Amino acid sequence: MTKIMLLLLAFEKEEQGSFSFEDQITVSKNASGMGGSQVYLESNKIYSAQDLIKSIIIASANDASVAIAEHLYGNEENAVDAMNNRAKQLGMTNTLFSNCTGLMKPTQYSCARDVAVMLSKLIKYEKYFDYSKIYTDSITHDGGRETSLTNTNKLVRFYNGCDGGKTGFTNEAGYCLAATAKRGNTRVISVLIKECDSKTRFADCSNSFNYAFENFMAKEVLSKGSEYDVKVKVASGKTDYVKIGAQRDFYVFGYKNDDDKITVEFEVNQIVKAPVNEGDVLGKFYVYKKGVLVGEVDAVSLENIDQMQFLDYVNKIARG
């Protein structure tokens, strides 16, 4: 499951523009020589970053992981430093990475909570699911040789709603799994560590998903594009008030039958003066659950309002 953090860094760099899935990567002898799970990359041969990322997500390939780490950071040591720095930023206080593959090292450790944190960040990238939902695929090497890929996370095929995750195994850690599933608007994450065998980890993960979907749900509080009953006055505008909506959907996770006492407060954080354009941020919605702040969403204009011109003022005076 260590590879979740490496993948997160790769997707973040892709979003920032410093890395592309179209990059062509020459695989080092060091990367091609990685043991354990691998896709048998050839040293000094060129592979697309997309194929390497796909190999990590689907087949948990150690050789592809090191190749990506070296491409992003120059060497695996620098990549590990970046992984640990990101872990600190995410508040993963019980995690220390010593390599980017997850192969056993005495100084490497983590916990279920921290793994869930980094997986929750990774699945914010929709492109991740382009690969994580694949059950079988292949990559082609120089010369036409093919390596078949089969998803190590069997639940993407056998559990309704499971569309991502990462397996792991060492003698010390046992059989591990971090997986995610979504039904309707409700997405959950399950992390299992030190299971006795592979079959048990998938069964226990399925049971935890079942419990979550039977007892919990994501309740919609704010809906993108919907108008809300809040008053925002527009100075010097052709209309006196602007229609306000949420910039994005917002859900609160909780028990299905629980009275969560959810409240929403609106706060204007700037003077609203015409002209106003659709999508302009005019304030914030603050969402509280039982009096505790659980999130905030930008409040945006749902319409364009032009500035009043001279004739508009004349007509307004004439109307009284």
Which residue, of ASN94, ASN44, is surrounded by fewer than 19 Cβ atoms within 10 Å (Cβ to Cβ), farther than 27 Å from GLU146 by Cβ and at pLDDT 95 or above?
ASN94
Are there any pairs, at least 6 apart or on different chains, whose C-beta atoms fall under 9 Å, with the first in region 60-76 and on the phi > 0 side of the Ramachandran plot and the second outside any helix (DSSP H, G or I) and among the charged types (D, E, K, R), and if so, which?
SER60/LYS166
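In region 58-76, which residue that is assigned to a helix (DSSP H, G or I) and touching a Gly at 6+ places or on another chain (Cβ under 8 Å) is farthest from GLU146 (Cα to Cα)? Let's see the steps before the verdict.
Taking region 58-76 and keeping what is assigned to a helix (DSSP H, G or I), we get 58-59, 62-73, 76.
With the extra rule that they be touching a Gly at 6+ places or on another chain (Cβ under 8 Å), the set shrinks to 62-63.
Details: ASN62: 17, ASP63: 16 Å.
Ranking the candidates gives ASN62 first.
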Restricting to region 266-280, and then to whatever is surrounded by fewer than 14 Cβ atoms within 10 Å (Cβ to Cβ), under 30 Å from the mean Cα position of the chain (by Cα) and at pLDDT below 95, can you tell me which residue is farthest from ALA246 (Cα to Cα)?
ASN269
What helices (runs of 4 or more DSSP H), lying completely within region 80-171, carry at least 3 residues that are over 21 Å from GLN16 (Cβ atoms)?
112-122, 155-158
Can you tell me which residue among ARG248, ARG187, ARG201 is free of Cβ contacts under 8 Å to residues at least 40 places away in the same chain and either in a loop (DSSP other than H, G, I, E, B) or of a type in the set (D, E, K, R) (or both)?
ARG201
Total residues in region 143-181, condition surrounded by fewer than 20 Cβ atoms within 10 Å (Cβ to Cβ) and closer than 23 Å to GLN50 by Cβ
10
So, ASN62, is that one among the polar types (S, T, N, Q) and surrounded by fewer than 23 Cβ atoms within 10 Å (Cβ to Cβ) or not?
no
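The values are calculated or read from the model by the stated rules, or taken from the named source; none is laboratory data. This one's a predicted model, so the numbers in the text were calculated from it and none came from an experiment. Here Cβ is always computed from backbone atoms with ideal geometry, including for glycine, and neighbour counts include all displayed protein chains.
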